Amino acid sequence: MKKKLMLISPMLHQGGFERVCITTARLMEPYFDVTIVIFNSANIAYNIEGLNIIDIQMGAKKGKVKKIFNMIRRSAKVRKLKKRMKPDIAYSFGPTANMVNAFSKTGREKVWLGLRNYTDVEETIKIKLFTRLAHLMICCSKTIEKELNIKFGFNRTATLYNLYDVQAIREEAQAKEPKLPWGDYDDQGRKIRYMVSMGRDDDMKGFWHMLKVFSLVHKQIPESRLILMGAGTFGYYKKLAEDLKISDVIYFAGMQREPYQYLKKGEIYLLTSLNEGFPNALVEAMALGLAPVSVDCLTGPAEILLEDGDTTLFEKQIREGKKPVIYGAYGILVPVMNRDRDLDASHILEEEKHMAELVLDLLKDDEKLKKYQEAALNRAQIFTYENYIEQFLKLTLV
């Protein structure tokens, strides 16, 4: 008889941990009786056919007091589900679901709490509570796990990297052609050079930096274009694009159910986030052979792009008055940029100029570009379903 696995996620709309939740459910079906518990079924962006999903129909509330009462009500309802269904493991994704999973603990199940972003570790009160209630804290990067070990002295931890079906990504990318405002060549007959990025309309993605970087690139390579995908209106950034005079060479593609057809057009993937957990879109882009140019935000990029994840070279370069950059084995890394949203088109930071120079260097050096594209393809292979299944099943024995 199979053991029971309960996965808990607030919603199943577009997002990194939602994708991991759905994929985990499908991969674990041969080994467990799997149920996904969600708080709200609005805007489901993933294929859920054949999955056992329970919607407790308790969406988000506004206001601090209402949020607290909502969390209590959710916890009570999930606790009833746990008592009835008797899961052996209850694994939650993200801070909202983690609170409910922890407070609905019955004592019978193993409570796994998934930390999906470095900012989760910065919420000290929550983490101290979680360390008392969790059987295991599942981290999406070794940096987050190390922080739990050192800062909180909590050692019931594990790193479980996000997972990708690299072959399926490539097949889906080739299945369709994207609908873009441009073709393969511009009106001067020059082959268009595409850069791509993905992420929701959120300050944490640092998109004002990206637009300014791209504006500098476009001044020198007028055939360059930027495709930006993700949920949200991007109103601030559309206005910034107008002010930077690049609105006709950037495409805000919105949320795409089939993003890989757009990703495949790119030569370079740009990441300017202030924080990440483990940047799924970065690995997906690498699986399609895009050369990564990324900031060293917490967490993920350094572990993905560098052989050893060590970024101490930045400190040495800065002390010596050099522009900080690490040419990693699998991509190019620069320090994280200023955290304050700056929508002034006339205000271009030195760090934005520096990143633009690195992008231009790649676009002007075919050999270096090809080297990083091939390295990216190879690196993506380590984040496979097979590795994830093996590690997941090992953790069930802990």
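The values are calculated or read from the model by the stated rules, or taken from the named source; none is laboratory data. Quantities reported herein were computed from a predicted structural model and do not represent experimental measurements. A quick note on method: Cβ atoms are made from the backbone with ideal geometry, for glycine too, and the neighbour counts reach across all protein chains shown.
Structure values in brief
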{"read-out": "Residue within segment 199-206 that is within 21 Å of the chain's Cα centre (by Cα), more than 30 Å from Leu395 (Cβ to Cβ) and basic (Lys, Arg) present", "value": "yes"}
{"read-out": "Which listed residue is charged (D, E, K, R) and under 20 Å from Gly206 (Cα atoms), from Arg319, Arg341", "value": "Arg341"}
{"read-out": "Any hit, segment 50-69, residues being in contact with a strand residue (DSSP E or B) (Cβ under 9 Å, 6 or more places away or on another chain), on the phi < 0 side of the Ramachandran plot, buried (at least 16 other Cβ atoms within 10 Å of the Cβ) and part of a loop (DSSP other than H, G, I, E, B)", "value": "yes"}
{"read-out": "Positions within segment 289-314 being under 17 Å from Met195 (Cβ atoms) and surrounded by 24 or more Cβ atoms within 10 Å (Cβ to Cβ), in sequence order", "value": "Leu290, Ala291, Pro292, Val293, Ser294, Pro301, Leu305"}
{"read-out": "Members of segment 100-121 found to be under 21 Å from the mean Cα position of the chain (by Cα) and either in a helix (DSSP H, G or I) or more than 16 Å from Gly300 (Cβ to Cβ) (or both), listed by number", "value": "Trp112, Leu113, Tyr118, Thr119, Asp120, Val121"}
{"read-out": "Residue satisfying all of: in segment 243-252; touching a residue at least 40 places away in the same chain (Cβ under 8 Å) and not charged (D, E, K, R); nearest to Arg19 (Cα to Cα) among these", "value": "Tyr251"}
{"read-out": "Odd one out for Ile389, checked against (1) part of a loop (DSSP other than H, G, I, E, B); (2) of a type in the set (A, V, I, L, M); (3) surrounded by fewer than 18 Cβ atoms within 10 Å (Cβ to Cβ)", "value": "(1)"}
{"read-out": "Residue match in segment 154-172 (condition: modelled with pLDDT of 95 or more, assigned to a loop (DSSP other than H, G, I, E, B), over 16 Å from Glu303 (Cβ atoms) and touching a His at 6+ places or on another chain (Cβ under 9 Å))", "value": "yes"}
{"read-out": "Count - residues of segment 255-302 that are in a strand (DSSP E or B) and at pLDDT below 95", "value": "2"}
{"read-out": "Arg341 vs. criteria modelled with pLDDT of 95 or more, in contact with a Phe, Trp or Tyr (Cβ under 7 Å, 6 or more places away or on another chain) and closer than 26 Å to Lys245 by Cβ", "value": "yes"}
{"read-out": "Matching residues, segment 72-107, being of a type in the set (Gly, Ala, Ser) and without any contact (Cβ under 8 Å) to a residue 60 or more places away in the chain", "value": "Ser75, Ala76, Ala102, Ser104, Gly107"}
{"read-out": "In segment 16-47, the residues that are in a loop (DSSP other than H, G, I, E, B) and surrounded by 21 or more Cβ atoms within 10 Å (Cβ to Cβ)", "value": "Phe39"}
{"read-out": "Selection count, segment 175-222, where residues are of a type outside the set (S, T, N, Q) and either at positive phi or part of a loop (DSSP other than H, G, I, E, B) (or both)", "value": "21"}
{"read-out": "Residue identified as at pLDDT 95 or above, loosely packed, with under 13 Cβ neighbours inside 10 Å, farther than 25 Å from Lys264 by Cα and basic (Lys, Arg) among Lys322, Lys353", "value": "Lys322"}
{"read-out": "Among residues of segment 322-338, those that are closer than 19 Å to Lys205 by Cβ and not in a loop (DSSP other than H, G, I, E, B), counted", "value": "4"}
{"read-out": "Single residue of Arg19, Arg79 found to be charged (D, E, K, R) and under 21 Å from the mean Cα position of the chain (by Cα)", "value": "Arg19"}
{"read-out": "Boolean, Asn155 is of a type in the set (S, T, N, Q) and surrounded by 16 or more Cβ atoms within 10 Å (Cβ to Cβ)", "value": "no"}
